[in-house]
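To keep things clear, I will list the structure first and then write my remarks on it.
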Amino acid sequence: MTRESWTGDPGRLDARFVAGLVTTRLFLNVLGINRDKTGPALSCHIPHPDDVTADDLGGLLIDPATLPARERQLFLDFLKMADKAAAHFTVPITHDWTKTHDVVLRVHHHLKVCLYDYTGRTLRDATP
């Protein structure tokens, strides 16, 4: 957030990174995007009865099929990493964590357009 290199405890940095993965995964679900558990593709998020989605808040859900191919792959790779590497610790898989910032910026953009702009609210731009 400060655009400065981290010089503190690596454990605290790792905890923040994992919290960011979980939060970004949550926001993808809020926007209607999930990972198809039966194959290598994105799917529409099917919310549980107590989940909140963008349309519950007056916004729009995203059909993953309408996203550009590059963005679909970016989100799919991210969701796989967020599920397997951070949330569930099920399988040791090498993940390209360096694209996380790109995912966060794209999710921020979609939240701005599909929720904040659509409902007339203001959301600060995430780019410096």
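For region 1-38: of the residues being outside any helix (DSSP H, G or I) and among the β-branched types (Val, Ile, Thr), which is modelled with the lowest pLDDT? If you could, list the steps in order and put the result at the bottom.
Kept after step one, since they are outside any helix (DSSP H, G or I), are these residues of region 1-38: 1-9, 31-38.
Narrowing further to those that are among the β-branched types (Val, Ile, Thr): 2, 7, 33, 38.
Details: Thr2: 56, Thr7: 83, Ile33: 97, Thr38: 86.
Among those that are outside any helix (DSSP H, G or I) and among the β-branched types (Val, Ile, Thr), it is Thr2.
From the list Gly32, Gly39, Gly20, Gly11, pick out the single residue that is more than 29 Å from Asp63 (Cβ to Cβ) and among the small types (Gly, Ala, Ser). Before the answer, list the steps.
Details: Gly32 fails: more than 29 Å from Asp63 (Cβ to Cβ); Gly39 fails: more than 29 Å from Asp63 (Cβ to Cβ); Gly20 fails: more than 29 Å from Asp63 (Cβ to Cβ).
Gly11 is the lone residue from the list that is more than 29 Å from Asp63 (Cβ to Cβ) and among the small types (Gly, Ala, Ser).
Is there any pair with a first residue in region 17-32 that is closer than 14 Å to His101 by Cβ and a second that is β-branched (Val, Ile, Thr) and surrounded by fewer than 18 Cβ atoms within 10 Å (Cβ to Cβ) whose Cβ atoms are under 6 Å apart and which are 6 or more apart or on different chains, and what are they?
Note: pairs meeting the criteria are Thr24/Val104.
Take Pro47 and tell me if it is free of Cβ contacts under 8 Å to residues at least 24 places away in the same chain, closer than 23 Å to Leu74 by Cβ and assigned to a loop (DSSP other than H, G, I, E, B). Quick ask: steps written out before the conclusion?
Numbers: free of Cβ contacts under 8 Å to residues at least 24 places away in the same chain: yes; closer than 23 Å to Leu74 by Cβ: yes; assigned to a loop (DSSP other than H, G, I, E, B): yes.
The answer is yes for Pro47.
Suppose we keep only residues that are part of a helix (DSSP H, G or I) and out of contact with any helix residue (DSSP H, G or I) (no Cβ under 8 Å at 6 or more places or on another chain) within region 51-64. Which one would you say is surrounded by the fewest Cβ atoms within 10 Å (Cβ to Cβ)?
Initial filter on region 51-64 (part of a helix (DSSP H, G or I)): 54-57, 64.
Filter again for out of contact with any helix residue (DSSP H, G or I) (no Cβ under 8 Å at 6 or more places or on another chain), leaving 55-56.
Numbers: Asp55: 15, Asp56: 11.
The extreme case among them is Asp56.
Taking only region 35-44 into account, find how many residues are surrounded by fewer than 19 Cβ atoms within 10 Å (Cβ to Cβ), touching a Pro at 6+ places or on another chain (Cβ under 9 Å) and in contact (Cβ under 8 Å) with a residue 24 or more places away in the chain.
Of the residues in region 35-44, 1 are surrounded by fewer than 19 Cβ atoms within 10 Å (Cβ to Cβ), touching a Pro at 6+ places or on another chain (Cβ under 9 Å) and in contact (Cβ under 8 Å) with a residue 24 or more places away in the chain.
Which one is modelled with the lowest pLDDT among residues in region 77-128 that are under 18 Å from the mean Cα position of the chain (by Cα), outside any helix (DSSP H, G or I) and closer than 24 Å to Thr53 by Cα?
Taking the candidates together, the pick is His88.
The values are calculated or read from the model by the stated rules, or taken from the named source; none is laboratory data. None of these values were measured; they are calculated from a predicted model. For neighbour counting, all protein chains shown are included, and Cβ atoms are generated from backbone atoms with ideal geometry for every residue, glycine included.
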